[in-house]
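Novice: Below is the structure I would like to discuss, written out as structure tokens.
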Amino acid sequence: MEVIDLATTGLRDLNATLQAAARERGNAAYTIENPRGAHALAVGLDGPLDVTVKGSTGYYCAGMNKAASIRVTGSAGPGVAENMMSGTVTIEGDASQYAGATGRGGLLVIKGNASSRCGISMKGIDIVVHGSIGHMAAFMAQRGNLVVLGDAGDALGDSIYEAQLFVRGRVASLGADCEEKEMRPEHLDLLRDLLARAGADARPEEFRRYGSARRLYNFHIDHADAY
């Protein structure tokens, strides 16, 4: 395992090193020390690297991740794992706004809480939050799964398309066109797998499922107030 200290190595040099190693697809392992809240850390990794960040990060950590496994031992700023394609990103602490935004694949695990707009416009990513999430989570979410072991804030799933939302705790309010759905056996199986992969201590039967009521797919005058 190679150790890179951001107290002595520049951020651009660090990202260039990681991106080059990812392109070689050698399953290399890196530990990043003294991140000191750096922005855009470990972004654009296109290969099966194993990266551990010892501390907290700023904006857009692990953005555009593809195939890499990235673990942050602290908390992450806004936009962690933004536009993620595949691989795994794990945040041991809390995540700020719009975690997993526009994510197209892979698994994002947040061991603490997530702030507002978690999973906004998600397009296939799986997100598991061990704590609670803020308002407007999964706004315009198109595909993928958002699992919340704690509570969810206001306007959950506003203008949602075909993503699935699973919440164990209390939901403050549902957004436009989002409604509670029946939890069928296939959903329990899906949730059981996601909880296991995320190391979450919970039973799928404890959750409720939410998704699109499909009233806003096409304009209808009777639903005009909901647009």
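Just so it is clear, none of the values below were taken in a lab; they were calculated from the coordinates. Just so it is clear, the model here is predicted, and its values are computed rather than measured. Ideal geometry is used to build each Cβ from the backbone, glycine not excepted, and the neighbour counts take in all protein chains shown.
Novice: Let me confirm something: among A163, A172, A176, which residue is touching a residue at least 40 places away in the same chain (Cβ under 8 Å), surrounded by fewer than 20 Cβ atoms within 10 Å (Cβ to Cβ) and of a type in the set (A, V, I, L, M)? Before you say what the answer is, go through the steps one by one.
Specialist: Working: A163 fails: surrounded by fewer than 20 Cβ atoms within 10 Å (Cβ to Cβ); A172 fails: touching a residue at least 40 places away in the same chain (Cβ under 8 Å).
It is A176.
Listed here are the residues, each with its yes/no results for (1) over 27 Å from L190 (Cα atoms); (2) assigned to a strand (DSSP E or B); (3) without any contact (Cβ under 8 Å) to a residue 24 or more places away in the chain; (4) among the hydroxyl-bearing types (S, T, Y).
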site	(1), (2), (3), (4)
A40	yes, no, no, no
G100	no, no, no, no
L108	no, yes, no, no
G124	no, yes, yes, no
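Novice: Additional query: Looking for something in contact with a strand residue (DSSP E or B) (Cβ under 6 Å, 6 or more places away or on another chain) and more than 15 Å from G150 (Cβ to Cβ) - is there at least one such residue anywhere in region 128-135?
Specialist: Within region 128-135, the subset in contact with a strand residue (DSSP E or B) (Cβ under 6 Å, 6 or more places away or on another chain) is 128-129, 133.
Within this subset, residues satisfying the condition of being more than 15 Å from G150 (Cβ to Cβ) are none.
Taking every residue of region 128-135 in turn, none turns out to be in contact with a strand residue (DSSP E or B) (Cβ under 6 Å, 6 or more places away or on another chain) and more than 15 Å from G150 (Cβ to Cβ).
Novice: What number goes with the only condition from (1) touching a strand residue (DSSP E or B) at 6+ places or on another chain (Cβ under 6 Å); (2) more than 30 Å from E24 (Cα to Cα); (3) among the β-branched types (V, I, T); (4) part of a loop (DSSP other than H, G, I, E, B) that I120 does not pass?
Specialist: (1)
Novice: For residues that are among the aromatic types (F, W, Y) and in a loop (DSSP other than H, G, I, E, B), scanning just region 179-218, find the one that is surrounded by the most Cβ atoms within 10 Å (Cβ to Cβ). Don't jump to the end; show me each part of the working.
Specialist: So the first thing to find is which residues in region 179-218 are among the aromatic types (F, W, Y), and the list is 207, 210, 217.
Subset that is in a loop (DSSP other than H, G, I, E, B): 207, 217.
Details: F207: 21, Y217: 10.
Top of the filtered list is F207.
Novice: Let me ask something else about it. Among the candidates V51, V80, which residue alone is in contact with a Cys (Cβ under 8 Å, 6 or more places away or on another chain) and of a type outside the set (F, W, Y)? Give the derivation first.
Specialist: Details: V51 fails: in contact with a Cys (Cβ under 8 Å, 6 or more places away or on another chain).
After ruling out the rest, the residue left standing is V80.
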